[in-house]
Amino acid sequence: MILPAVRDPRLITVHRGGLLSDADHRSLALWAAECAEHVLGLFEVAEPSDSRPREAIEGIRAWTRGELAMMATRALGGHSMGAARPQSGAARFAAYAAGQAACVAHVPEHDLGAAAYAIKAARAAAPTGRETVAGREELRWQRDRLPESVRELVLEDQKKRNSICWSVFDD
């Protein structure tokens, strides 16, 4: 489980009683989509006829533009996770990353799910002996793309939730 037992109010939207602005919620969603899309090819090579993970990423982007309802976006995330289940290795993790990204519309903390699964996909796709290096490279790539408005929040959250995210956010 990648979600904390006690939620950080800075990652709960204002209209739900937290401190996260709608603009920052959209920034988290777009960053999660970018993380998932970075490894999406690992799924598409394994399952080229299954568009569910790509549709999940497209869905979260549409949600940020106000073109898709949260429930529809979350459903696309569930479909992507369904595409992940019969897979293994990098393909499985890449589809889970896409599913987690789409679910950011519902729960902002899923941003780290997308990032963590993308790191797991990169590790799984790496040649034997290079898994750790590939994971660190993916982590750096992701951090380089963090929007400035949420950068410190995400970095802090990665430290807090690292242990429940398979310790993929180790520097």
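The values are calculated or read from the model by the stated rules, or taken from the named source; none is laboratory data. The structure presented is a predicted model; accordingly, all values stated were derived computationally and were not measured. Cβ: placed from backbone, ideal geometry, glycine included. Neighbour counts: every protein chain shown. Remember, those area values only see protein heavy atoms, side chains included, never the ligands or the DNA or RNA. Shrake-Rupley method; radii C 1.70, N 1.55, O 1.52, S 1.80 Å.
By accessible area of protein heavy atoms, probe 1.4 Å, what ranking do TRP31, TRP63, TRP166 get, highest first? List each step's numbers first, then the result.
Details: TRP31 5, TRP63 45, TRP166 100 Å².
Highest to lowest solvent-accessible surface, that is TRP166, TRP63, TRP31.
Can you pull the Kirkwood radius for segment 120-166, inverse mean 1/r over Cα pairs, to one decimal in Å? All intermediate terms of the calculation are to be shown ahead of the outcome.
Working: mean 1/r = 0.0857 Å⁻¹.
The Cα-based Kirkwood calculation yields 11.7 Å.
Which cross-chain or sequence-distant (5 or more) residues have an amide H under 5 Å from the amide H of THR13, H modelled 1.01 Å from N in plane?
Result for THR13 returns GLY18, LEU20.
Please turn the phi angles of segment 53-65 into ³J(HN,Hα) values with the Karplus equation 6.51 cos²θ - 1.76 cosθ + 1.60 (θ = phi - 60°), one per residue in order, whole Hz, x for glycine and proline.
x, 5, 5, 5, 5, 4, x, 5, 5, 5, 4, 5, 8
Would you mind listing how long segment 1-45 runs along its three principal axes, going by Cα atoms, in whole Å with the largest first?
Result, largest extent first: 42, 25, 11 Å.
Taking a 1.4 Å probe, which of HIS38, HIS110 shows the most accessible area, and what order do the others take after it? Don't jump to the answer; show the numbers that get you there.
Numbers: HIS38 85, HIS110 25 Å².
Order by accessible area, largest first: HIS38, HIS110.
Pull up all non-local amide H partners of LEU68: gap of 5 or more, or a different chain, and H-to-H distance under 5 Å with H placed in the peptide plane.
HN-HN under 5 Å from LEU68: TRP63.
Which whole-number percent is the relative contact order of segment 49-162 (Cα, under 8 Å, 6+ apart)? Let's see the in-between values first.
On the way: 148 pairs, mean separation 23.0, N = 114.
Relative contact order for segment 49-162 comes out at 20 percent.
Can you list the HN-Hα couplings for segment 115-130, worked out from phi with the Karplus curve (6.51, -1.76, 1.60; θ = phi - 60°), rounded to whole Hz and with x for Gly and Pro?
So the J values, rounded to whole Hz, are 5, 5, 5, 5, 5, 4, 5, 4, 4, 5, 7, 6, x, 3, x, 10.
Ranked highest first by average number of other Cβ atoms within 10 Å, how do 87-96, 66-75 line up? It would help to have the intermediate numbers written out before the result.
On the way: 87-96: 23.2, 66-75: 15.2.
Sorting 87-96, 66-75 by mean packing, highest first, produces 87-96, 66-75.
Would you mind telling me the share, in percent, of accessible area of the chain contributed by carbon and sulfur at probe 1.4 angstrom?
Details: 4160 of 8000 Å².
For the chain, the apolar C and S fraction of the accessible surface comes to 52 percent.
Residue-wise, which Karplus ³J(HN,Hα) couplings in Hz belong to segment 39-44, taking 6.51 cos²θ - 1.76 cosθ + 1.60, θ = phi - 60°, and x for glycine or proline?
So the J values, rounded to whole Hz, are 10, 4, x, 5, 7, 5.
Distances longer than 23 Å among the Cα atoms of the chain: what percent of all pairs is that?
On the way: 4701 of 14535 pairs.
Every Cα pair in the chain considered, those over 23 Å come to 32 percent.
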